[in-house]
Structures are given as structure tokens and as C-alpha cells.
Amino acid sequence: MSTKTKSKALIRATSRVAVASGKTRPGTRRLQEPSACDRCGALFQRRVWRRSGPISPALLARVQWVTCPACVQEGGSTYMGRVRIEGEQLATHEDLIRRRIENVGARAAATQPERRVLSVDRVDGGLEVLTTSQKLAHRLVHELKKVLGGKATYEWSDDGSLYATWKPARRAGHGRNS
């Protein structure tokens, strides 16, 4: 062996002896693959929930029917992301904001069925959007800021949920430079 010291990669690799190798959170049950959601039809394969096209009869014969985590959250009214939209110009842009939320939510649900918009409600003169994931809530605020400008704030809680607030720009018009 040479007189060189061990590289950082080798040192870090040897320090992981007692660490669990799986990427799933402790306490979560391991699903049989393939599994399909009996409510929304999402397919769990290769440790990921996906929306797929038509399922072959051979795959359908092997599938185990369960309820996906997003449907469980939707049924229990639990959320991981909460977006608050407020400001004087909310009334003038409400239709645009609602369409943008619907489009971003549909795009996310098509590729990642665990990310869904649970509700969009008027609360105390503003809009409140509840999502199943903090990533989708973050993406919604980012998209609104990209289209209409304004100011975004983010607060993460200890349980991992996100509370995001977006306020439109004070000037009338669309876009960043309005």
C-alpha cells in the first residue's frame, strides 16, 4: 500500500456500516410490486407510483390492489403543502390564478400521482390551496411568481409541511416588468 492517505470517498464509504441501505422511511410498509391504486388507478412499480397507459392482462393478473398514499391523504384531508394567496389585485387576477393552479396541478398529477391539489378555497379575503406534497406547493408559488411577479415567502414546519404565501405585485398588468 502506498504512503498516500485514504481518500474522503473511502473514509465515508467505510463509515456507513450501520446505516440502513434502503431509501424508504422507517415505519413505512413495503408494497408488493406491481401494485395499483383501487381509487385513482396509479401503478406502483420499481418503487415509484406512476400513471401508466393501458395495463396488459398479464400485469393485471399479478397486480395487488391497494390505496395509494395520495388517495389516503385526500380521504383523510391531510396535506403537506399550504399556499396562501393574498393581495389587493387578487380579484382582478383570480381567474388566471385558478387556471394556473389547475394546470400545474394537472401536470404534476399526470407524471407524479402522489402530488395533487386537494382544494382551492376562499378564506379570509384570499385563496388557500392545499396540496399533498410540499414540492407541489413550492412549484405553484414559483409558477405564480413567474407569471405575475409579486413576492413569495416559504416556511417549513417541523413535521415537514410547507406554508407558502404569495402576494401579487402592486402594479396592474401581467408579467414581471409590469
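The values are calculated or read from the model by the stated rules, or taken from the named source; none is laboratory data. None of the values given here were measured: they were computed from a predicted structure. Note: ideal-geometry Cβ built from the backbone for every residue, glycine included; neighbour counts use all protein chains shown.
Points to keep in mind about this one:
- Answer residue from the stretch 85-106, given it is part of a loop (DSSP other than H, G, I, E, B) and in contact with a Pro (Cβ under 7 Å, 6 or more places away or on another chain) and is surrounded by the most Cβ atoms within 10 Å (Cβ to Cβ) among those: G87
- Count of residues meeting criterion [part of a helix (DSSP H, G or I) and among the charged types (D, E, K, R)] in the stretch 107-161: 6
- Pairs with Cβ under 7 Å, 6+ apart, first in the stretch 33-46 and closer than 20 Å to G76 by Cβ and not assigned by TED's automatic domain parsing to the domain that holds T111, second among the polar types (S, T, N, Q) and in a loop (DSSP other than H, G, I, E, B): C37/T67; D38/T67; R39/T67
- Check on L130, over 30 Å from A36 (Cβ atoms) and crowded, with 17+ Cβ neighbours inside 10 Å: no
- Flag if R82 is under 14 Å from T131 (Cβ atoms), surrounded by 11 or more Cβ atoms within 10 Å (Cβ to Cβ) and charged (D, E, K, R): yes
- Pairs meeting the criteria (first residue in the stretch 68-96 and farther than 30 Å from D38 by Cβ, second residue surrounded by fewer than 19 Cβ atoms within 10 Å (Cβ to Cβ) and acidic (D, E), beta carbons under 6 Å, at least 6 apart or on different chains) are R84/E128.
- Every residue from the stretch 107-119 that is at pLDDT 90 or above and surrounded by fewer than 18 Cβ atoms within 10 Å (Cβ to Cβ): R107, S119
- Taken as a whole, the condition of being closer than 18 Å to R115 by Cα, of a type in the set (V, I, T) and either touching a Pro at 6+ places or on another chain (Cβ under 9 Å) or at pLDDT 85 or above (or both) does not apply to I55.
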